[in-house]
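Chemist: Here it is: the structure, laid out below.
Since every read-out is calculated from the coordinates, none of them should be taken as a lab result. Computed from a prediction, not measured in an experiment: that's the story for all the values here. Cβ sites come from the backbone with ideal geometry, for glycine too, and all protein chains shown count toward neighbours.
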Amino acid sequence: MDKASGKENLESGKLKSMPRDADLTRKRILAAATAEFARKGLGGARVDEIALRSKSNKRMIYHYFGGKEQLFTTVLEAAYLGIRTAEKELHLDELNPETAIVRLVEFTWKYYLKHPEFLTLVNSENLHRAKHLKASKLIKEASSQFVKMVKAILDRGVETGVFRAGIDPVQLNITIAAIGYYYINNHYTGSIVFERDLMSEENLGARLAFNLETILKLIKQKP
């Protein structure tokens, strides 16, 4: 191999590695930012700490994301798209309507438990009156698709005589989210107020069972 050919191959290899390296750097920054924003909120998070945790620097963060506010928006989008993507993987449209709703309630509950950072990020964005989500077309599209999916499940349930008619899919989704969100988000204070370890395995199981019973009673057709 001549020198010119060797130099060309070396430069080609560098060009191929650059996009991969940039993608890895972005992922590291996003992971570090998610942890930082989840712990401290937008106001308390520091770009210097995110740079340190991601083994990058502030210049790279500003280069890839544009700044702290834009980085927070990206973190929020990733968090919401994460749960929406996981919901799609349940293939609820392939299940009978009642089973699909049961799976959705179970999934939402378990997702909140497994991803507490999602709840704290939502809390932080609510403090800022959702000003970052307002401009996100990605979130609007993903949420719209999710509502359509839930509506389709409800419609199938009505057609088969399992669910009662007139249920608003948005209201149902809010209720499913709320009965899990409130319990988990307030388990510290709740455990004191109600003198019960809300996060014990026994009580978590009892709460999920209660959630399922509540939702099914709400939507099912009465005998």
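Chemist: Normalised by the residues of the chain, what does the relative contact order come to in percent, with Cα pairs under 8 Å and at least six apart?
Modeler: Relative CO of the chain lands at 19 percent.
Chemist: Based on the alpha-carbon gyration tensor of the stretch 66-223 and its eigenvalue square roots a ≥ b ≥ c, which shape applies: rounded if a/c is under 1.5, prolate if not and a/b is larger than b/c, or oblate?
Modeler: Oblate shape, in that a/c is at least 1.5 and b/c is the bigger or equal ratio.
Chemist: Okay, moving on. Given the pairs 140/217; 88/134; 58/131; 88/148; 88/220; 148/217, which span a C-alpha to C-alpha distance of over 20 angstrom in this model?
Modeler: Correct reply: 140/217; 88/134; 58/131; 88/220; 148/217.
Chemist: For every helix of n ≥ 4 consecutive DSSP H residues, a contribution of -39,500 (n - 2.57) applies; sum these over the chain, divide by its total residues, and give [θ] at 222 nm rounded to the nearest 500 deg cm²/dmol.
Modeler: So the calculated ellipticity at 222 nm is -26500 deg cm²/dmol.
Chemist: If I model a spin label as a point 7 Å beyond the Cα along the Cα-Cβ vector, how far apart are those points for residue 217 and residue 70 in nm?
Modeler: Roughly 5.1 nm, to one decimal.
Chemist: Okay, moving on. Summing Lys, Arg as +1 and Asp, Glu as -1, what charge do residues with Cβ under 10 Å from the Cβ of residue 47 carry, residue 47 excluded?
Modeler: Net local charge, residue 47 excluded: 0.
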